[in-house]
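The values are calculated or read from the model by the stated rules, or taken from the named source; none is laboratory data. It should be emphasised that the depicted structure is a prediction, and the values quoted were computed from it without experimental measurement. Reconstructed Cβ throughout: ideal geometry from the backbone, glycine too, with neighbour counts over all protein chains shown.
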Amino acid sequence: MEIMRVLDDLVCSRRIGGLQAASLRLLQNQAGDWQVATDPVGAPVGKWVFTTTGSAARVAMPDPRVMTDLTICGIIDHWVDEAADAA
Amino acid sequence: MEIMRVLDDLVCSRRIGGLQAASLRLLQNQAGDWQVATDPVGAPVGKWVFTTTGSAARVAMPDPRVMTDLTICGIIDHWVDEAADAA
Amino acid sequence: MEIMRVLDDLVCSRRIGGLQAASLRLLQNQAGDWQVATDPVGAPVGKWVFTTTGSAARVAMPDPRVMTDLTICGIIDHWVDEAADAA
Amino acid sequence: MEIMRVLDDLVCSRRIGGLQAASLRLLQNQAGDWQVATDPVGAPVGKWVFTTTGSAARVAMPDPRVMTDLTICGIIDHWVDEAADAA
Amino acid sequence: MEIMRVLDDLVCSRRIGGLQAASLRLLQNQAGDWQVATDPVGAPVGKWVFTTTGSAARVAMPDPRVMTDLTICGIIDHWVDEAADAA
């Protein structure tokens with residue numbers, strides 16, 4: 001599971017039906033690239049999270065029929081900055 | 001889900017039967033690489049979109065038997081340039 | 001689906017049974033790396049093609065039991081050089 | 001399967017239900033990026049391990065319903081440093 | 001399918017049960033990274049091979065319940081050096 005940071009909400013009125021009304025988040029990965037993830041945990045902007053990909057991303061949603069390939073699995077609260085300082 | 005930009009249509013007369021008559025789009029990802037995606041939403045050239053990969057790309061099509069591994073999920077209308085300006 | 005160029009045939013006498021007698025092609029992707037793909041469309045050497053990965057690569061074969069993770073989906077005939085010139 | 005090194009435990013109180021109480025580890029891959037993996041073997045900090053991704057990561061867990069896409073498969077005990085010296 | 005070279009055997013006494021007694025090989029890909037693969041064909045050290053990933057890696061094993069995400073599919077005997085010379 002990858003470690004990413006929440007940049008913003010993603011407002012997107014025109015989307016495929018398979019995404020339903022899933023909450024979408026704009027994330028930034030460690031290489032600096034942007035990704036869009038579905039968010040079942042309600043991660044606040046600025047927080048570090050870890051994400052799951054592939055078929056696991058679908059089953060991680062409350063409704064596994066949502067057509068995502070990236071889902072936020074959990075919020076990391078305190079240790080990343082310490083680890084970054086130690087690196 | 002990755003964020004990409006629509007470059008062009010892809011005209012391809014000789015293709016496997018599993019792609020059926022799916023609309024194909026030429027996209028450019030954030031690294032500058034080109035990708036080919038199936039497009040069930042009708043994304044105009046020049047627009048930013050986000051895409052889903054793997055088995056989710058198939059189920060995201062109206063007919064899930066289409067043999068794609070990259071499908072456009074939604075069109076991002078206005079915020080990307082602002083985010084790019086802020087970066 | 002990725003865009004690659006056909007470099008050569010791949011002759012490989014010692015292979016797993018799951019590949020059966022599938023035609024194998026040596027491709028080069030946009031980063032310059034070499035890949036091996038199964039080829040159900042008969043792509044000539046030097047042509048640009050687009051390929052599908054993952055489980056879609058298997059279902060794209062006439063016999064979906066062939067153990068591939070990269071299959072040529074279609075041949076791109078004319079537009080790539082123009083696009084490369086315009087880039 | 002990728003070769004990574006165990007950096008730390010990952011304490012994460014707010015996570016999706018699908019992760020259950022799975023033990024989470026912070027790993028570093030060969031490119032220096034951080035990843036989060038589920039750990040069914042109890043790998044100590046500092047050890048080199050190899051990991052499996054995708055749907056195999058789920059079936060590699062004692063309970064295959066755990067929503068992971070990266071699972072530690074085995075601990076490499078002694079040879080990596082020798083190989084690194086020889087490289 | 002990726003092209004890699006066999007570097008060594010991988011001796012690993014502590015592994016998950018799902019790997020059973022599968023033969024493990026240390027490979028190097030074209031970017032120079034190390035990977036661990038299951039080997040149903042008995043590839044000798046130093047040989048160039050091509051590998052399959054994802055769910056295809058499991059079905060490529062004689063026993064598809066082996067929890068791998070990278071399996072050697074075939075041995076490339078003679079042409080790679082010529083191709084490298086020509087590149």
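Structure notes:
- Answer residue from the stretch D:37-59, given it is within 8 Å of another protein chain (Cβ to nearest Cβ), touching a Lys or Arg at 6+ places or on another chain (Cβ under 7 Å) and crowded, with 20+ Cβ neighbours inside 10 Å and is modelled with the lowest pLDDT among those: D:Ala56
- The set of residues in the stretch C:48-81 being out of contact with any Ser or Thr (no Cβ under 9 Å at 6 or more places or on another chain) and either in contact (Cβ under 8 Å) with a residue 12 or more places away in the chain or among the basic types (Lys, Arg) (or both) consists of C:Trp48, C:Val49, C:Phe50, C:Pro62, C:Asp63, C:Arg65, C:Ile76, C:Val80.
- Complete set of residues in the stretch D:9-22 that are at the interface with another protein chain (Cβ under 7 Å from one of its Cβ atoms) and charged (D, E, K, R): D:Arg14, D:Arg15
- Subset tally (residues that are of a type in the set (Asp, Glu) and surrounded by 18 or more Cβ atoms within 10 Å (Cβ to Cβ)) for the stretch D:61-76: 1
- If you go through the stretch A:23-36 and keep only what is more than 7 Å from every other protein chain (Cβ to nearest Cβ) and part of a strand (DSSP E or B), you end up with A:Leu24, A:Arg25, A:Leu26, A:Leu27, A:Gln28.
- Per-region count, the stretch A:15-36, residues among the small types (Gly, Ala, Ser) and modelled with pLDDT of 95 or more: 0
- Residue list for the stretch D:64-75, restricted to those being modelled with pLDDT under 90 and either assigned to a strand (DSSP E or B) or among the charged types (D, E, K, R) (or both): D:Arg65
- Cβ-Cβ under 6 Å pairs, at least 6 apart or on other chains, the stretch A:27-47 side closer than 27 Å to D:Ala31 by Cα, far side small (Gly, Ala, Ser) and assigned to a loop (DSSP other than H, G, I, E, B): A:Thr38/A:Ala22
- Residue count for the stretch E:21-35, restricted to those that are within 10 Å of E:Leu10 (Cα to Cα) and either touching a Cys at 6+ places or on another chain (Cβ under 8 Å) or acidic (Asp, Glu) (or both): 1
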